[in-house]
Amino acid sequence: MCPGDHGNSTKNKSNGDGSHNELFGKHCNKRTVGKNIATSDMCNTAESDHLEKHLLERYRRTLTHEREDIEREQTTTTVNWIRIGDFTVEVGKQQIWDYIQTWELKPCWLYSLDFLSTTDEEHHTFCHYRARFSTPTPQRPIQGTASVYFVVHWSKVKPLTLPVEVHFVIESHRLVHKAGAIVFREKWLLDVIENKALLQNDVKL
């Protein structure tokens, strides 16, 4: 169940022009780097750094034909991710937004989606995003939040006609998921919010 009232709250909607009605109203101040990539003033979190390090290690193991340990599950959602050569930060944001829309979440959840930063490694590029979820109500407009951290990434040595890859991790979790390869569980968000509330209560005591 969603915490709080199940009243008239709904998911945020796309405005059709690539922008969104965001719960937190925070936008990135981007500066263009090259043709398609931009950076943001926002800093990466521990979860974003964990995602990047995990995927770089996976790339290294792949090169040496070692077994990958990213969670293997049946594909549940068909996501036609953009080709590497056509990728932009805004297109990536829109596709992640569309992907979140496929999750089976109750309508009380509101969420925002922010671009965080781009990391340019020697052979790979990583674009980081953060989705923040909450269930505000008229009685309790300020609720706890739970974040999901996404990274859109690709290898610089792969053909530009191949699609980008997308992985994500839940706030305070370590397990990395491949977008479209699992059934997202609403319980993950509820657990994050509940654990934060318990921690705050412990601090008050």
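The values are calculated or read from the model by the stated rules, or taken from the named source; none is laboratory data. These numbers were taken from a predicted model, which means no experiment stands behind them. As a convention, Cβ positions derive from the backbone with ideal geometry for all residues, glycine included, and neighbour counts pool all protein chains shown.
Conditions tested, residue by residue: (1) surrounded by fewer than 17 Cβ atoms within 10 Å (Cβ to Cβ); (2) closer than 25 Å to Val157 by Cα; (3) at pLDDT below 60.
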| residue | (1), (2), (3) |
| --- | --- |
| Thr39 | no, yes, yes |
| Glu47 | no, no, no |
| Thr64 | yes, yes, yes |
| Gln74 | yes, no, yes |
| Trp81 | no, yes, no |
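Restrict the check to region 136-143 and report whether at least one residue is closer than 22 Å to Trp97 by Cβ and at pLDDT 95 or above.
no
What tally of residues in region 95-112 results from selecting those that are assigned to a helix (DSSP H, G or I) and surrounded by 17 or more Cβ atoms within 10 Å (Cβ to Cβ)?
Of the residues in that region, 5 qualify.
Go through region 113-165 residue by residue and tally those that are β-branched (Val, Ile, Thr), within 18 Å of Gly92 (Cα to Cα) and surrounded by 17 or more Cβ atoms within 10 Å (Cβ to Cβ).
Final tally of qualifying residues: 7.
Taking region 172-205 as the search range and keeping residues that are part of a loop (DSSP other than H, G, I, E, B) and over 16 Å from Glu52 (Cβ atoms), which one is modelled with the lowest pLDDT?
Among residues in region 172-205 that are part of a loop (DSSP other than H, G, I, E, B) and over 16 Å from Glu52 (Cβ atoms), the one modelled with the lowest pLDDT is Leu205.
Restricting attention to region 113-139, which residues are in a loop (DSSP other than H, G, I, E, B) and touching a Ser or Thr at 6+ places or on another chain (Cβ under 9 Å)?
Hits for region 113-139 are His123, Thr135, Pro136, Thr137.
Please specify each residue of region 149-169 satisfying the condition of being touching a residue at least 40 places away in the same chain (Cβ under 8 Å) and hydrophobic (A, V, I, L, M, F, W, C).
Phe150, Val151, Val152, Trp154, Leu160, Leu162, Val164, Val166, Phe168, Val169
For region 151-205, which residues satisfy the criterion of being touching an Asp or Glu at 6+ places or on another chain (Cβ under 8 Å) and acidic (Asp, Glu)?
Glu171, Glu186
For region 166-185, name all the residues that are within 19 Å of Tyr129 (Cα to Cα), surrounded by fewer than 17 Cβ atoms within 10 Å (Cβ to Cβ) and among the charged types (D, E, K, R).
Within region 166-185, Arg174, Lys178 meet the criteria.
Could you please tell me which pairs satisfy a Cβ distance under 8 Å, a separation of 6+ or placement on different chains, a first residue in region 76-105 that is under 22 Å from Leu189 (Cα atoms), and a second residue that is among the acidic types (Asp, Glu)?
Trp103/Glu186; Glu104/Glu186; Leu105/Glu186
Does Glu90 meet the test of being at pLDDT below 95 and either farther than 18 Å from Glu47 by Cβ or part of a helix (DSSP H, G or I) (or both)?
Answer is no for this residue.
Suppose we filter region 115-143 for residues that are free of Cβ contacts under 8 Å to residues at least 60 places away in the same chain and touching a strand residue (DSSP E or B) at 6+ places or on another chain (Cβ under 9 Å); how many remain?
Residues flagged as free of Cβ contacts under 8 Å to residues at least 60 places away in the same chain and touching a strand residue (DSSP E or B) at 6+ places or on another chain (Cβ under 9 Å) within region 115-143 amount to 4.
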